Amino acid sequence: MNKERRTFIKQLGLGGSALLMGSRVTEILGNSDSKETHKVLPASHTLPPLPYAYNALEPVIDEQTMHLHYHKHHAGYVKGLNATEQKLAEAMKAQDFSIIKSMERDLAFYGSGHILHSVFWNNLSPKSKGKPEGSLLQALESEFGSFNNFKSQMIAATTSVEGSGWGIFAFQPIWQKLVILQAEKHQNLTQWGAIPLLVIDVWEHAYYLQYQNRRADFVQRIFDIINWDDVSERYKKVVS
Ligand code: MN3
């Protein structure tokens, strides 16, 4: 980190150890868009591979839901993000700033949708251990009093999202703190800087075919397929 950057960070009141620079965040969130470098060229985002078969999470998530969710919805966000970046590049070239307002909205929506789904698939596994262990468990107990308290808050936050959105368990590096947040759509309601460790999609497309309006049942059942090893790995990286 250069001196200018250090001074800037100091002025912001962010300790060096609390700050996760770009490549580190990429490592934690995973970046399927670029294997070789952390830098992704404009309009070249790609759909990451699904880490299991479409039917692997049955009976909690059925094959048809998984297929549609991945190939139609997540793929749609990737496509939308690429199209937005392409349009922005063209606007810059033409020095046309009239579309910027709507492009900013699309950047937030499609970009956040792509990031959250890329974390979500890896947060799930047909072989869940049921609960976290080791340093993540200790951190949850320290922050929330107990794993059950954490789980209750996560379930309540996720279930009560207004409309389409997500329950988000994240690490806030500025305060070195674990937090549970909601996201409406993909991009509304957040704390800037928070890094998602475990995200639960409660858009209707994530559960409606199977659970209809019973979102609370879906959120309860999701806890049977959480890949705690993945969540734990993400946690270890943010605190290391
Ligand atoms: Mn979704």
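The values are calculated or read from the model by the stated rules, or taken from the named source; none is laboratory data. Computed from a predicted structure; not experimentally measured. Backbone-built Cβ (ideal geometry, glycine too); neighbour counts: all protein chains shown. Areas reflect the complete protein model, heavy atoms only, side chains present, ligands, DNA and RNA absent. Shrake-Rupley method; radii C 1.70, N 1.55, O 1.52, S 1.80 Å.
Some observations on this one:
- Restricting region 44-63 to residues that are charged (D, E, K, R) and in contact with a helix residue (DSSP H, G or I) (Cβ under 9 Å, 6 or more places away or on another chain), the residue that is farthest from residue 223 (Cα to Cα) is 62.
- Residue match in region 151-159 (condition: within 16 Å of the ligand (Cβ to nearest atom), within 24 Å of residue 51 (Cα to Cα) and in contact with an Asp or Glu (Cβ under 7 Å, 6 or more places away or on another chain)): no
- Residues that are open to solvent by less than 60 Å² (accessible area, probe 1.4 Å) and away from the ligand (no atom under 15 Å from the Cβ), drawn from region 50-59: 52, 53, 56
- Listing of helices (runs of 4 or more DSSP H) fully contained in region 139-240 that carry 2 or more residues being aromatic (Phe, Trp, Tyr): 147-159, 208-211, 228-239
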